[in-house]
Amino acid sequence: MRPGLSLEQAPPFTVPLRFYLAAPFFLAAAGLLAAWPDGAWNLDWSWDRPWGWTWGWTSSRWSPRAIALTHLLALGFLGLVMLGSLAQMLPVVAGVPLPASLAVSRLSHAGLLAGIPLLAGGMLTLAPWALLAGAGLASLGLALFAGAAALALLHARPSPTVWAMRVALLGLLILWPLGAWLAAWLAGLAPARDPIALTGAHALAGLVLWVGLLVVGVSYQVVPMLQVTPNYPPRLARWLAWGVFALALPLAAGGLAGWPAAWLETGLTVGLAAALATYALATLDLQRRRRRKLGDATLDYWRLAMASLLLACGFAVGRQAWPEALGDAWEVFIGLLFLLGFAVGVVNGMLFKIVPFLAWFHLNTQVGMRGTGLTSMKDFIADADARRQFRLHLGALGLLLPSPWLQGLALPGGLALAVSAGMLGWLLWRARRVFVAAGGREGG
């Protein structure tokens, strides 16, 4: 246990668990959507039309399917896990409980669970009722949780993790109204002077400020604690979140206002990529110096995630410098690296540590471990099963990364992602069953 943690203030197990258990369904839905073919049957075979089908989403990030996939991954899988992690870490790390945690988690979870499928369906079909209903329900779920988290963070004891959470919450408060406005525009109810710039600002706030910085803040705690590494360098932990925010905010605002100077956009992009790459290199160095030398699936996931982040940063700079040479397909490639390789990889790997740890902690607190027949956290999720799931995810990523050019790979890649997500969900549900069978109570 690390100093400064207030484990006695941890919320009931059901608060984070309900978010964790629901998240893999959205990851599986993204995989199935990626594998679903377009077009009519045709006997002419090519990479773009294997077995006579077409896949129209991977060559452009502006296709309805690419947008729906992005939201299933970012809002469905990543968003749910991050809300669950915030509910867990606010009382334990920041020393402040989420106000009315049981009620807030239930209502927020319900709003997102109903809203995300409707929103993704509306993006696929451009049905105004689905867009508006999905955006409204998801917005209510996010607003309720964000309001409660903001109240808690106002009174939290300062630390690098708390500051990263605060900045990430600012990112959420930026991306949420932008996303709601875009949904209203797609439904024909709101004007948009420059929807492409608006989408770019929304994506930057969501992927970098919300997802990226929350991953960074959480990693300050979970990497040293669960992987037995030294702490992150104090200067990096103190200033990284604010540096990323200071670079990303004008980058998003400049896109909305119309860039007065191309060199400024390039400079901000390079600076942002350098900041995130510094974090990735620091994380890899800490893991190299870990005191527990045995590897596991979580370590494999983190190494894959940091490598993906480094590649995404490099290609993003290259795309900025040579936009004509690196066209639209490269944008999809960079997005897959960041979303599926980095963000989903980190979150998937952390779930294999966080859920068993929480199950072990609550079981030990409630009934004690004696007499349960359980000896360690590996009794909840075996490392051999976690490694099999990692290999499925790695295969899915390897197939989907070249799919912007070889679009036929979207079929096996999407199916592999769906199977990987299904196995993740099964392992999490099985960990819950082990917890309950040993006499654990979820607490609400």
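The values are calculated or read from the model by the stated rules, or taken from the named source; none is laboratory data. This structure is a prediction, so every number in the text was calculated from the model and none was measured. Here the Cβ is made from the backbone with ideal geometry for all residues, glycine too, and neighbour counts use every protein chain on show. Accessible surface areas use protein heavy atoms only, side chains included; no ligands, DNA or RNA. Shrake-Rupley method; radii C 1.70, N 1.55, O 1.52, S 1.80 Å.
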Criterion: of a type in the set (A, V, I, L, M, F, W, C), in contact with a Leu (Cβ under 7 Å, 6 or more places away or on another chain), modelled with pLDDT under 90 and open to solvent by 40 Å² or more (accessible area, probe 1.4 Å) - qualifying residue of W47, W57, W41
W47
Among residues of the stretch 91-110, those that are open to solvent by 10 Å² or more (accessible area, probe 1.4 Å), in a helix (DSSP H, G or I) and within 17 Å of R18 (Cα to Cα), counted:
8
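G147 - would you say it is more than 19 Å from G76 (Cβ to Cβ) and open to solvent by less than 50 Å² (accessible area, probe 1.4 Å)?
yes
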Kindly indicate the residue of the stretch 322-332 that is open to solvent by less than 30 Å² (accessible area, probe 1.4 Å) and assigned to a helix (DSSP H, G or I) and also farthest from A30 (Cα to Cα) among those meeting that condition.
A329
Mind checking which pairs have a first residue in the stretch 221-240 that is at negative phi and a second that is part of a helix (DSSP H, G or I) and open to solvent by 30 Å² or more (accessible area, probe 1.4 Å), Cβ under 6 Å, 6 or more apart or different chains?
A237/P160; R238/P160
Which numbered condition in (1) over 19 Å from L27 (Cα atoms); (2) outside any loop (DSSP other than H, G, I, E, B); (3) in contact (Cβ under 8 Å) with a residue 24 or more places away in the chain is the only one that G349 fails?
(1)
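Got at least one residue in the stretch 157-174 being open to solvent by 20 Å² or more (accessible area, probe 1.4 Å), in a loop (DSSP other than H, G, I, E, B) and farther than 17 Å from S85 by Cβ? Write out each step before concluding.
Our first condition is that a residue be open to solvent by 20 Å² or more (accessible area, probe 1.4 Å); within the stretch 157-174, this holds for 157-160, 163, 166, 170, 173-174.
Narrowing the set further to residues that are in a loop (DSSP other than H, G, I, E, B) leaves 157-159.
Restricting the remaining residues to those that are farther than 17 Å from S85 by Cβ gives 157-158.
Yes, the stretch 157-174 contains at least one residue that is open to solvent by 20 Å² or more (accessible area, probe 1.4 Å), in a loop (DSSP other than H, G, I, E, B) and farther than 17 Å from S85 by Cβ.
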Which pairs have Cβ atoms under 7 Å, sit 6 or more apart or on different chains, and link a residue in the stretch 172-197 that is over 13 Å from G134 (Cα atoms) to one that is of a type in the set (F, W, Y) and open to solvent by less than 80 Å² (accessible area, probe 1.4 Å)?
L172/W210; L175/W210
So, in the stretch 397-444, exactly how many residues are more than 22 Å from the chain's Cα centre (by Cα) and among the aliphatic types (A, V, I, L, M)?
7
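So that you can scan it fast, the table gives a plain yes or no per residue for (1) in contact (Cβ under 8 Å) with a residue 12 or more places away in the chain; (2) among the aromatic types (F, W, Y); (3) over 20 Å from I354 (Cβ atoms); (4) in contact with a helix residue (DSSP H, G or I) (Cβ under 6 Å, 6 or more places away or on another chain):
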{"site": "L78", "(1), (2), (3), (4)": "yes, no, no, yes"}
{"site": "G95", "(1), (2), (3), (4)": "yes, no, no, no"}
{"site": "L107", "(1), (2), (3), (4)": "yes, no, yes, yes"}
{"site": "I116", "(1), (2), (3), (4)": "yes, no, yes, yes"}
{"site": "P128", "(1), (2), (3), (4)": "yes, no, yes, no"}
{"site": "L132", "(1), (2), (3), (4)": "yes, no, yes, no"}
{"site": "G136", "(1), (2), (3), (4)": "yes, no, yes, no"}
What are the residue pairs meeting all of these: first residue in the stretch 420-444, first residue touching a residue at least 12 places away in the same chain (Cβ under 8 Å), second residue charged (D, E, K, R) and part of a helix (DSSP H, G or I), Cβ atoms under 6 Å, and 6 or more apart or on different chains?
L427/D385
Can you spot a residue in the stretch 198-213 that is open to solvent by less than 20 Å² (accessible area, probe 1.4 Å), modelled with pLDDT under 90 and closer than 30 Å to W360 by Cβ?
no
For residues in the stretch 281-293 being free of Cβ contacts under 8 Å to residues at least 60 places away in the same chain and under 26 Å from A246 (Cα atoms), which is least open to solvent (accessible area, probe 1.4 Å)?
A282
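Is the stretch 369-385 home to any residue that is within 26 Å of G212 (Cα to Cα) and assigned to a helix (DSSP H, G or I)?
Within the stretch 369-385, not a single residue is within 26 Å of G212 (Cα to Cα) and assigned to a helix (DSSP H, G or I).
Residue-by-condition table, conditions (1) in contact with a Phe, Trp or Tyr (Cβ under 7 Å, 6 or more places away or on another chain); (2) of a type in the set (G, A, S):
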{"position": "S63", "(1), (2)": "yes, yes"}
{"position": "L102", "(1), (2)": "no, no"}
{"position": "A120", "(1), (2)": "no, yes"}
{"position": "A127", "(1), (2)": "no, yes"}
{"position": "R157", "(1), (2)": "no, no"}
{"position": "M165", "(1), (2)": "no, no"}
For the stretch 435-444, which residues satisfy the criterion of being part of a helix (DSSP H, G or I) and either touching a Cys at 6+ places or on another chain (Cβ under 9 Å) or surrounded by fewer than 19 Cβ atoms within 10 Å (Cβ to Cβ) (or both)?
V436, A437
Residues that are open to solvent by 10 Å² or more (accessible area, probe 1.4 Å) and of a type in the set (V, I, T): does the stretch 305-321 have at least one?
yes
Qualifying residues in the stretch 125-139 (those that are in contact with a Leu (Cβ under 8 Å, 6 or more places away or on another chain) and open to solvent by 30 Å² or more (accessible area, probe 1.4 Å)) - the one nearest to A114 (Cα to Cα)
L137
Extreme residue, nearest to D385 (Cα to Cα), among residues of the stretch 323-346 that are touching a residue at least 60 places away in the same chain (Cβ under 8 Å) and charged (D, E, K, R):
E331
